[in-house]
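What follows draws every value from the coordinates through simple rules; no lab data is involved. If you're wondering where the values come from, they're calculated on a predicted model, not measured in any experiment. Glycine also receives a Cβ, built like all others from the backbone with ideal geometry; neighbour counts cover every protein chain displayed.
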Amino acid sequence: MPKRVVVVGGGFGGLQVVRSLRNTLFAVTLIDRTNHHLFQPLLYQVATAALSPADIAVPLRGIVRGYSNTEVLLDEVIGVQLEQRRVLCSRSGALEYDFLVLAPGARHWYFGNDDWERCAPGLKSLADALEIRRRLLHAYEQAAIAPDPETARAWTTFVVVGGGPTGVEIAGALAEIGRHTMTKDFPMLDPRSIRIILIEASSRILPTFPPQLSAKATAALEELGVEVRLSQRVIDVECDAVKLGSGELILARTTIWAAGNRAPAWLRTLGVPLDRVGRVIVERDCSVPGYPEVFVIGDAACFRDERRGELPALAPVALQQGSYVAHLLRRGIPLPKRPPFRYRDKGMLATIGRARAVAAFPGGIKLNGLLAWLLWAGVHIAFLIRFRNRVAVMTEWLWYYLTFQPRARLLIETATGERAD
């Protein structure tokens with residue numbers, strides 16, 4: 001009987017394991033809450049109406065259709081029983097495994113203020129992106145019919161909390177849309193009333209990048225009209241205002257949260273050490289301490305590298321960990337002989353807007369501006385999982401580059417009259 005490998009999560013890490021084990025002697029089960037693989041680095045472009053969901057998502061069953069040894073299970077994991085070697089699912093019950101790979105990703109974290117999510121959605125899924133897009137487009141529609149300039153200004157004030165890559169990319173995209181698209185679609189609005197405010201608690205944005213590039217990114221955002229607030233903490237979020245630690249109250253009807261991530265709560269059922277954001281502190285081979293048949297990779301793993309410290313929550317880390325774990329399984333390498341996982345740093349990229357980006361590579365190489373943006377675009381196109389997606393994204397980017405008109409800015413009424421996308 002073939003050994004059963006259960007993989008939880010169809011993101012970068014989990015899917016890399018599945019693809020690496022395709023058509024082998026293992027029986028592979030892939031479990032995910034959704035039926036698609038999502039190219040998360042471009043999720044903000046769905047949220048800001050530049051791309052459609054199908055441009056960056058591919059059905060999981062379509063990906064594994066030719067894999068003779070793989071099945072997909074649409075379900076939600078609620079726990080793991082390590083001693084019994086069972087994964088507990090909300091609908092399918094208990095599934096037994098010989099090897100288990102946990103790659104569930106992470107969700108946004110409000111540092112104990114979960115009630116803020118209602119007014120400040122995060123960006124981790126297509127559902128999140130479509131909700132943010134709905135709020136963005138709805139805000140401009142409301143501003144257009146506002147009874148007075150003050151109300152219109154509140155509707156066209158957008159607050160982004162968190163100055164990491166996601167926050168920077170969203171803020172830059174919102175600024176470009178406001179300046180080049182919405183002012184043409186809504187000529188009755190005063191362009192000066194459109195405000196994009198990026199709030200970061202530390203002393204600079206993009207803190208994982210070299211300080212020189214953080215400064216370049218700040219200058220690029222400010223050139224687009226973004227108000228960058230550094231060393232500022234958010235202490236309260238309402239649906240019509242954001243309060244800062246300085247006492248300032250920002251009247252805004254749209255707030256986007258990009259300030260923190262937390263691993264799924266069900267990882268606590270493992271009963272093993274977790275870090276402060278709920279990630280499993282894994283061994284050098286990405287396995288759970290004391291359970292060499294169980295691996296945790298990607299955003300849910302706290303991997304402490306001797307050279308780099310804790311590895312960042314980046315797609316390249318998850319991809320390399322997925323390949324590494326699949327290699328261990330294919331070769332059947334026992335625990336004492338497993339080589340430690342070593343991450344090969346290939347650099348970091350972040351885009352600020354049209355022809356604006358920053359890039360940092362090993363060896364102290366730093367780029368910004370058009371060249372960095374072209375590299376960013378090329379890398380993201382290359383990593384999209386299917387040719388159709390690559391063509392679709394390139395076409396949309398070319399159209400937007402030439403016209404500044406994102407083509408996915410639709411508000412759709414549901415049968416019940418509620419707004420949805």
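Results, tabulated for the structure shown:
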| quantity | calculated |
| --- | --- |
| In sequence order, calculated HN-Hα J values of the range 189-205 (Karplus, 6.51, -1.76, 1.60; Hz; x Gly/Pro) | 8, 7, x, 6, 7, 7, 10, 10, 10, 9, 10, 10, 6, 8, 7, 7, 7 |
| Nearby lysines by direct alpha-carbon distance to Lys3 (threshold 28 angstrom, same-chain neighbours under 8 apart not counted) | Lys337 |
| Estimated 222 nm signal from helices in the chain, with DSSP H stretches of n ≥ 4 weighted -39500 (n - 2.57), rounded to 500 | -9000 deg cm²/dmol |
| Between the range 310-331 and the range 36-50, the Cα center-to-center distance that results, in Å | 23 |
| Relative contact order (%) - criterion: Cα under 8 Å, at least six apart; region: the chain | 19 |
| More than 21 angstrom apart: percent of Cα pairs within the range 138-285 | 52 |
| Spatially proximal lysines relative to Lys124 (Cα-Cα < 29 Å; intrachain offsets below 8 disregarded) | Lys216, Lys243, Lys346, Lys366 |
| Computed magnitude of the charge dipole of the range 152-228 (debye, nearest 20; Cβ of K, R +1, Cβ of D, E -1) | 80 |
| Pairwise centroid distance, computed over Cα atoms, of the range 201-251 with the range 130-174, Å | 15 |
| Reciprocal mean inverse distance between Cα atoms of the range 87-154 - Kirkwood radius, Å | 15.9 |
| Amide H within-cut-off set for Gly260, under 5 Å, with H built and near neighbours excluded | Trp109 |
| In sequence order, calculated HN-Hα J values of the range 65-76 (Karplus, 6.51, -1.76, 1.60; Hz; x Gly/Pro) | 3, x, 8, 5, 10, 10, 10, 10, 10, 8, 7, 10 |
| Three principal axis lengths of the range 105-200 [C-alpha, angstrom, descending] | 42, 24, 24 |
| For the range 271-284, 3J(HN,Hα) per residue [Karplus equation, 6.51 cos²θ - 1.76 cosθ + 1.60, θ = phi - 60°, Hz, x = Gly/Pro] | x, 10, x, 10, 8, 5, 10, x, 7, 6, 7, 8, 7, 5 |
| Amide H contacts of Leu73 (H built 1.01 Å from N, under 5 Å, at least 5 apart or other chain) | Leu30, Ile31, Asp32 |
| Charge dipole (debye, nearest 20) of the range 172-269; +1 at Cβ of Lys and Arg, -1 at Cβ of Asp and Glu | 300 |
| Ala357 long-range amide H proximity, modeled H, under 5 Å | Ile352, Gly369, Trp373 |
| Counting DSSP beta bridges with both ends in the range 117-261, the antiparallel % (nearest 5) | 35 |
| Cα pair count fraction exceeding 38 Å, expressed as % - the chain | 23 |
| Percent of beta bridges antiparallel (DSSP, the chain, rounded to nearest 5) | 55 |
| Footprinting exposure proxy for Arg135, Arg276 (fewest neighbouring C-beta atoms within 10 Å first) | Arg276, Arg135 |
| Value in Å of the Kirkwood radius, where the range 57-110 supplies the Cα pairs that are averaged | 13.3 |
| Ranked by how many other beta carbons lie within 10 Å on average, peptides 11-24, 48-61 from highest | 11-24, 48-61 |
| Helix runs (DSSP H) in the chain reaching 15 Å along axis by Cα, Kyte-Doolittle at least 1.6 | 370-383 |
| Nearest-20 debye value, the chain charge dipole, Cβ charges on Lys, Arg, Asp, Glu | 1540 |
| DSSP beta bridges in the range 256-413 [antiparallel fraction, %, rounded to 5] | 90 |
